[in-house]
1. How large a share of the accessible area of region 1-59, in percent, is made up of carbon and sulfur atoms when the probe is 1.4 Å and the other protein chains stay in place?
2. Would you please calculate the Kirkwood hydrodynamic radius of region 1-113 over all C-alpha pairs and express it in Å, rounded to one decimal?
3. Hey, what do the phi angles of region 51-63 turn into as Karplus ³J(HN,Hα) couplings, whole Hz, using 6.51/-1.76/1.60 and θ = phi - 60°, x for Gly and Pro?
4. When the chain is fully extended, how far beyond the present Cα-Cα distance does Ser83 get from Thr107, taking 0.36 nm per residue of separation?
5. Under a point spin-label approximation (7 Å from Cα along Cα-to-Cβ), what is the Thr28-Thr52 distance to one decimal in nm?
6. Figure the gain on full extension for Thr116 and Asp61 (residue separation times 0.36 nm, minus the Cα-Cα span) and round it to one decimal in nm.
7. Multiplying the sequence separation of Lys19 and Glu44 by 0.36 nm and subtracting their Cα-Cα distance, what value in nm do you get?
8. Taking the Cα centre of region 21-99 as origin, work out the dipole magnitude from +1 charges on Lys and Arg Cβ and -1 charges on Asp and Glu Cβ, in debye rounded to 20.
Amino acid sequence: QVQLVESGGGLVQPGGSLKLSCAASGFTFSSYPMSWYRQAPGKERELVAAITSAGGTNYADSLKGRFTISRDNAKNTVYLKMSSLKPEDTAVYYCNAKIKLVVGFRTYWGQGTQVTVSS
């Protein structure tokens, strides 16, 4: 079964940094793109960053280069490094994978990890 388990969330002061991890299992991790989403209270879930199987990356324009996504295929793990954090970054952050099935694809989500940016 496919599992995505996020970790690394917590409380951080404005301007601080945090690194999230997502441990994946149940599929051939290295063959698939991975992504991070976030959802703040009262807002819709939004794409934060994505990374291809080859390591190419894409980011939400609103983040303005403060976040970096990376992956370690040997560890089946995708990371999200966050810097210059703002209170507006407070949200539940989710790991996402779109996995090929026998027929078609299915999107999987982790349980989410809370990031709170506050002084």
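1. Working: 1520 of 3160 Å².
Reported share for carbon and sulfur atoms: 48 percent.
2. Values: mean 1/r = 0.0701 Å⁻¹.
When all Cα pairs of region 1-113 are included, the Kirkwood radius is 14.3 Å.
3. Karplus values, whole Hz, x for Gly and Pro: 9, 7, 4, 8, x, x, 10, 8, 10, 5, 4, 5, 7.
4. Values: separation 24, 0.36 × 24 = 8.64 nm, distance 2.77 nm.
Length gained between Ser83 and Thr107: 5.9 nm.
5. Each label point is offset 7 Å from its Cα along the Cβ direction, giving 1.8 nm.
6. Details: separation 55, 0.36 × 55 = 19.80 nm, distance 2.09 nm.
Full extension from Thr116 to Asp61 adds 17.7 nm.
7. Numbers: separation 25, 0.36 × 25 = 9.00 nm, distance 2.26 nm.
Contour length minus the Cα-Cα distance gives 6.7 nm.
8. On the way: 10 positive and 6 negative charges, 19 e Å.
In debye, rounded to 20, region 21-99 gives about 80.
The values are calculated or read from the model by the stated rules, or taken from the named source; none is laboratory data. Given the structure is predicted, the values throughout are model-derived calculations rather than measurements. All Cβ positions, glycine included, derive from the backbone under ideal geometry; neighbour counts span all protein chains shown. Remember, those area values only see protein heavy atoms, side chains included, never the ligands or the DNA or RNA. Shrake-Rupley method; radii C 1.70, N 1.55, O 1.52, S 1.80 Å.
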